[in-house]
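The values are calculated or read from the model by the stated rules, or taken from the named source; none is laboratory data. Nothing here was measured: the structure is a model prediction, and the numbers come from that model. Because the Cβ atoms are built from the backbone with ideal geometry, glycine has one as well, and the counts that use them run over all protein chains shown. What goes into the accessible areas is simple: the full protein's heavy atoms, side chains included, and nothing from ligands, DNA or RNA. Shrake-Rupley method; radii C 1.70, N 1.55, O 1.52, S 1.80 Å.
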Amino acid sequence: MQLVECYFDESESVDPSVLCVAGYLYEEVACAALDAAWKVVLDDHHIAYFRMVECAHKNREFNGRSADECDIVARKMIALIKKYAVQGYAVSFNLNLANFLPSAKDIGLSIVSPYSLCCYFCLNAVNRWAKDNGYQGKFAYFFESGHASHAESNRIMNAIFSNAWSRDFYRYSAHAFVDKKEVRPVQSSDILAWQWRKNLKDRLSGVMKPRKDLLSLLEIPHNVMHFNESTLREFLGIVAARAKAETS
């Protein structure tokens, strides 16, 4: 199999306080096809880029558009994701638990941010896909730039991928933080990040019925996880056990 490209974006809400980092895997040729088809939809509707929150609330690029047109554009983009993506990923975090996160003292971080943790678990989920599917090629990782913790996350990745063993383990080719207005495949990740964060927010608010557009996205394989208090304590236990083993 050829090089696989991984694109990620994030979505965040205040009440309840939730962060989601999500994205898709594309084979290199399929990603080029997605990019071309995505641009056709944008051009057909005279839109510079697609952002799910703007489509949902009919503002900025969707200002003045009818609800029907917004729905049509979203459906077209979701159909392209389902046509070209290999698998989707979403990692979410209850931001009220941020103070429980561990440090990364070896690279000067007193506490790791929820965003960096979610990005790290996306990398691990991609690696699990490679193992499960016998993929022996490499990955290129692209993240939307601009999050308050993206420099920290880049610092962590540089530390991880500076090690030859880690580069081989993660099948690393490259990583970058990019502008999703210019790198269109990140716009597909924006859809999943918004949809999964919105679904989580709804469920925490007692609304259990998922949106139909999310259900449509989930017709292709997705790997998802959420850091609530239980899963975070489990993760911290693993971190503590590894630290103890390394010092004994």
- Tell me which of these Val21 doesn't satisfy, since it passes every other one: (1) aliphatic (A, V, I, L, M); (2) part of a helix (DSSP H, G or I); (3) closer than 26 Å to Trp129 by Cα. (2)
- Note on the structure: Residues of the stretch 221-241 being aliphatic (A, V, I, L, M), open to solvent by less than 60 Å² (accessible area, probe 1.4 Å) and not in a helix (DSSP H, G or I), in sequence order, are Met225
- Query: Somewhere in the stretch 158-170, is a residue among the aromatic types (Phe, Trp, Tyr), modelled with pLDDT of 95 or more, under 20 Å from Leu3 (Cα atoms) and not in a helix (DSSP H, G or I)?
  - Reply: no
- So, in the stretch 136-188, of the ones that are open to solvent by 50 Å² or more (accessible area, probe 1.4 Å) and among the hydroxyl-bearing types (Ser, Thr, Tyr), which residue ends up nearest to Leu123 (Cα to Cα)? Ser173
- Note on the structure: In the stretch 196-220, residues that are at negative phi and part of a loop (DSSP other than H, G, I, E, B) total 9
- Message: List the residue pairs whose Cβ atoms are under 7 Å apart, where the first residue sits in the stretch 83-105 and is under 16 Å from Ile156 (Cβ atoms), the second is of a type in the set (Ser, Thr, Tyr) and open to solvent by 30 Å² or more (accessible area, probe 1.4 Å), and the two are 6 or more positions apart or on different chains.
- Response: Ser103/Ser110
- Is there a residue in the stretch 53-73 that is touching a residue at least 40 places away in the same chain (Cβ under 8 Å) and either open to solvent by less than 10 Å² (accessible area, probe 1.4 Å) or in contact with a Leu (Cβ under 6 Å, 6 or more places away or on another chain) (or both)? no
- Note on the structure: Those residues of the stretch 1-36 that are open to solvent by 10 Å² or more (accessible area, probe 1.4 Å), closer than 16 Å to Ala79 by Cα and under 21 Å from the mean Cα position of the chain (by Cα) come to a total of 4
